[in-house]
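**Q** Sharing a structure here in structure tokens format.
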Amino acid sequence: MSEDELKIQIDTDWKAEAQAERERLAREDRTAEENPESEQPGALPPADFQSLIGALASQAVMGLGGVRDPKSGAVVVDLPGARFAIDLLAVVEAKTRGNLEQEEEKALTQTLAELRDRFVKISQAVATQKLSDVQAATDKPNPAAI
């Protein structure tokens, strides 16, 4: 083989493609820096007061049967867990009294009122169901007595 046959062919298109890819990535980086709150896969909400209230409220709603068990599809009620989340919101309310903006205070007050109302209703429904279950169990004839 002669020296001419061993020359390496360099495709100049790959250089242009690589440059275009670098420019596209740089544009995406600039856009992400300019809009940090833009929707990105896996992006978390801002760590602010509203997110804190929302996280605690979500825990309470889950404890009040607001989310079904993904495996069984059954409604799961955890009254002690729901009460704990509601109590934590009450602590936040007490500790931040006088330090919140009007909108934040209103959101917290409304959230607590709604969760407390739901808690009472769900607690009553659970108690009624338990009473019905006990009555049904005692009303059944004993098969050994027949």
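The values are calculated or read from the model by the stated rules, or taken from the named source; none is laboratory data. Model, not experiment: these values are computed from the prediction. Virtual Cβ from ideal backbone geometry, glycine too; neighbours counted across all protein chains shown.
**Q** Give region 55-65 a look and list any residue that's free of Cβ contacts under 8 Å to residues at least 40 places away in the same chain and among the hydrophobic types (A, V, I, L, M, F, W, C), or say none.
**A** So the first thing to find is which residues in region 55-65 are free of Cβ contacts under 8 Å to residues at least 40 places away in the same chain, and the list is 55-56, 58-59, 62-63.
Listed by number, the residues that qualify are ALA55, LEU56, MET62.
**Q** Anything in region 98-109 that is over 19 Å from the mean Cα position of the chain (by Cα) and either part of a helix (DSSP H, G or I) or loosely packed, with under 11 Cβ neighbours inside 10 Å (or both)? List them, or say none. Before the answer, list the steps.
**A** Looking only at region 98-109, we keep the residues that are over 19 Å from the mean Cα position of the chain (by Cα), and these are 98-106, 109.
Passing the criteria: GLY98, ASN99, GLU101, GLN102, GLU103, GLU104, GLU105, LYS106, THR109.
**Q** While we're here: Looking at (1) at pLDDT below 95; (2) surrounded by 13 or more Cβ atoms within 10 Å (Cβ to Cβ), can you tell me which one THR138 breaks?
**A** (2) is the only condition that THR138 fails.
**Q** Just checking, does region 66-80 include any residue being more than 15 Å from the chain's Cα centre (by Cα), assigned to a helix (DSSP H, G or I) and in contact (Cβ under 8 Å) with a residue 40 or more places away in the chain?
**A** Yes, some residue in region 66-80 is more than 15 Å from the chain's Cα centre (by Cα), assigned to a helix (DSSP H, G or I) and in contact (Cβ under 8 Å) with a residue 40 or more places away in the chain.
**Q** Residues to consider are VAL126, VAL134, VAL91, VAL120; find the one that is of a type in the set (A, V, I, L, M, F, W, C), touching a strand residue (DSSP E or B) at 6+ places or on another chain (Cβ under 7 Å) and outside any loop (DSSP other than H, G, I, E, B).
**A** When all the criteria are applied, what remains is VAL126.
**Q** Okay, moving on. Please verify whether region 32-45 includes one or more residues that are closer than 24 Å to GLU104 by Cα, touching a Gly at 6+ places or on another chain (Cβ under 9 Å), surrounded by 12 or more Cβ atoms within 10 Å (Cβ to Cβ) and at pLDDT 65 or above.
**A** No, the conditions are met nowhere in region 32-45.
**Q** Spot the failing condition for PHE119; the list is (1) closer than 15 Å to LEU52 by Cα; (2) surrounded by 15 or more Cβ atoms within 10 Å (Cβ to Cβ), and only one is missed.
**A** (1)
**Q** Going by the conditions given, is PHE84 buried (at least 16 other Cβ atoms within 10 Å of the Cβ) and among the aromatic types (Phe, Trp, Tyr)?
**A** Working: buried (at least 16 other Cβ atoms within 10 Å of the Cβ): no; among the aromatic types (Phe, Trp, Tyr): yes.
When the stated conditions are applied, PHE84 does not pass them.
**Q** Looking at (1) surrounded by 10 or more Cβ atoms within 10 Å (Cβ to Cβ); (2) out of contact with any helix residue (DSSP H, G or I) (no Cβ under 9 Å at 6 or more places or on another chain); (3) under 17 Å from LEU52 (Cα atoms); (4) not hydrophobic (A, V, I, L, M, F, W, C), which one does LYS95 not meet, given that it meets all the others?
**A** Unmet condition: (1).
**Q** Criterion first (within 24 Å of the chain's Cα centre (by Cα), over 16 Å from GLN50 (Cβ atoms), of a type in the set (S, T, N, Q) and modelled with pLDDT under 90) does SER132 satisfy it?
**A** No: the conditions fail for SER132.
**Q** Follow-up question, since we're still on this one. Using the structure shown, decide if VAL77 is surrounded by 12 or more Cβ atoms within 10 Å (Cβ to Cβ) and over 30 Å from GLU28 (Cα atoms).
**A** Details: surrounded by 12 or more Cβ atoms within 10 Å (Cβ to Cβ): yes; over 30 Å from GLU28 (Cα atoms): yes.
Considered against the rule, which asks whether it is surrounded by 12 or more Cβ atoms within 10 Å (Cβ to Cβ) and over 30 Å from GLU28 (Cα atoms), VAL77 comes out as yes.
**Q** Which residue is farthest from PHE49 (Cα to Cα), if the candidates are limited to region 98-116 and must be free of Cβ contacts under 8 Å to residues at least 24 places away in the same chain and not acidic (Asp, Glu)? Don't jump to the end; show me each part of the working.
**A** In the first step, residues of region 98-116 are kept if they are free of Cβ contacts under 8 Å to residues at least 24 places away in the same chain; the result is 98-99, 101-103, 105-106, 109-110, 113-114.
Narrowing the set further to residues that are not acidic (Asp, Glu) leaves 98-99, 102, 106, 109-110, 113.
Numbers: GLY98: 14, ASN99: 12, GLN102: 12, LYS106: 12, THR109: 13, GLN110: 14, ALA113: 18 Å.
Checking each candidate, the answer is ALA113.
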